[in-house]
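J.: Quick one: this structure, given as structure tokens, is what I'll be asking you about.
Coordinate-derived values only; no laboratory data. All figures in this text were calculated on a predicted structure; none of them were measured in a lab. Positions of Cβ are backbone-derived with ideal geometry, glycine not excepted, and every protein chain shown enters the neighbour counts.
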């Protein structure tokens, strides 16, 4: 009878592989509707609204990714090179999250600028939007670097998040990376 029951959901650290792809997809692709809005003009407001939604959701997902990543780090025992890469991954992810908080606030200001200050001409708004896109590119590089380091942890060092609940509450965390067994099973993915 127990075989037909679904597995227990993972603990918070096990959700890291689920959340990490949302900020990458949403935040890196958010400039697409912005550029389309600049090019088309007529639909700029609606496209910028779509970009704002992507930025807000992506930034929220970045907070979830960092939180679950910190929990996953606490559940893994790492040493040597793996520890160094994990630290770099954590620092890069926190920097990217903070950068996108600032970028999302900046884009929100740019989005509402025509409503708050309608006398600001299109030329200066376009220059501000192009400057924003340049800064967004810098944030995207930081985010992609964090993702690359996470991929290195998974694909080079074999670090995995536990995707199922521990068999018992007293079960110690499995070692990760290096010359020891990776955490979790082979079906686990970053």
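J.: Rank by packing, highest mean first: peptides 85-94, 111-120, with packing defined as the count of other Cβ atoms within 10 Å averaged across residues. Show your work: numbers first, answer last.
T.: Numbers: 85-94: 18.0, 111-120: 10.7.
The packing order, highest mean first, is 85-94, 111-120.
J.: Additional query: Ranked highest first by average number of other Cβ atoms within 10 Å, how do 53-60, 124-131 line up?
T.: Going from most to least packed, we get 53-60, 124-131.
J.: Kindly list the residues of segment 35-71 that lie in the label zone of residue 131, defined by a backbone N under 19 Å from the point 7 Å along the Cα-to-C-beta vector.
T.: 35, 38
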